[in-house]
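Nothing in this text is a laboratory measurement; each read-out follows from the coordinates by a stated rule. Computed from a prediction, not measured in an experiment: that's the story for all the values here. All Cβ positions, even for glycine, are placed from backbone atoms using ideal geometry, and neighbour counts span all protein chains on display.
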Amino acid sequence: MKKITIKQAQKLLKEDGVILNEEQTQSVLDFLYDMAEIVVDQYLNTDDSKMSAKK
């Protein structure tokens with residue numbers, strides 16, 4: 001998985017008027033990566049459940 005750098009995240013956030021230091025930006029990135037992992041896991045588990053039900 002390609003990860004976004006702190007500087008890239010700061011630039012994107014700044015475009016929306018959000019100014020964070022590097023530590024704050026890293027916390028946001030960590031949270032977003034964790035959330036993305038949870039969403040993907042739930043999607044895959046839901047998809048597996050649907051496939052099992054069809055058998």
Which net charge results when you count Lys and Arg as +1 and Asp and Glu as -1 among the other residues whose beta-carbon is under 12 Å from that of ALA36?
-> -3
Residue-by-residue Karplus 3J(HN,Hα) for segment 18-34, coefficients 6.51, -1.76, 1.60, Hz, glycine and proline x = 9, 10, 10, 7, 4, 5, 5, 5, 5, 4, 5, 4, 4, 4, 5, 5, 4
Around GLN8, what is the net charge, scoring Lys/Arg as +1 and Asp/Glu as -1 over all other residues with Cβ under 13 Å from its Cβ?
-> +3
